Amino acid sequence: MNLNGIFAIGMNQNLIIQKKLTTMAQHVIPVGKKLLIKQKKAETMTKSGFILPEMAIKKECIGTVMGIGQSVEEIKIGDVVQYTEHCLPTAMQHDQEEHLLIQEGDVFAILVEVADV
């Protein structure tokens, strides 16, 4: 029973035990060979300042690894990876932000920034 934001978890004739409902952030821990990816946001504006229409924005399959399953060997948390656009990611809320859960086999590259020589 919900009483103006208060959830009654137990009731008898003279006693109502109340617990205030709170929204808790979910923390996702991948299992097996799964990776939790925070997807890189696509650029919505050109370097010269023009706003790109939604149709012209290319979906990039690049993201930062935020969590790994216990069977993942080559990839570490914090790596920036590129994954196949044909993978079947599962969208998940992690720390109140949208993330993707993908298979380790869908990653085909770890991207490393190199300083210009």
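The values are calculated or read from the model by the stated rules, or taken from the named source; none is laboratory data. Treat the numbers as computed from the prediction; the structure is a model and nothing was measured. Note: ideal-geometry Cβ built from the backbone for every residue, glycine included; neighbour counts use all protein chains shown.
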Output the qualifying pairs, or none if there are none: Cβ atoms under 6 angstrom, residues six or more apart or on different chains, first residue in the stretch 45-56 and on the phi < 0 side of the Ramachandran plot and surrounded by 10 or more Cβ atoms within 10 Å (Cβ to Cβ), second residue at pLDDT below 80 and assigned to a loop (DSSP other than H, G, I, E, B). LEU52/THR44
Of those in the stretch 60-117 that are under 13 Å from the mean Cα position of the chain (by Cα) and polar (S, T, N, Q), the residue surrounded by the fewest Cβ atoms within 10 Å (Cβ to Cβ) is GLN96
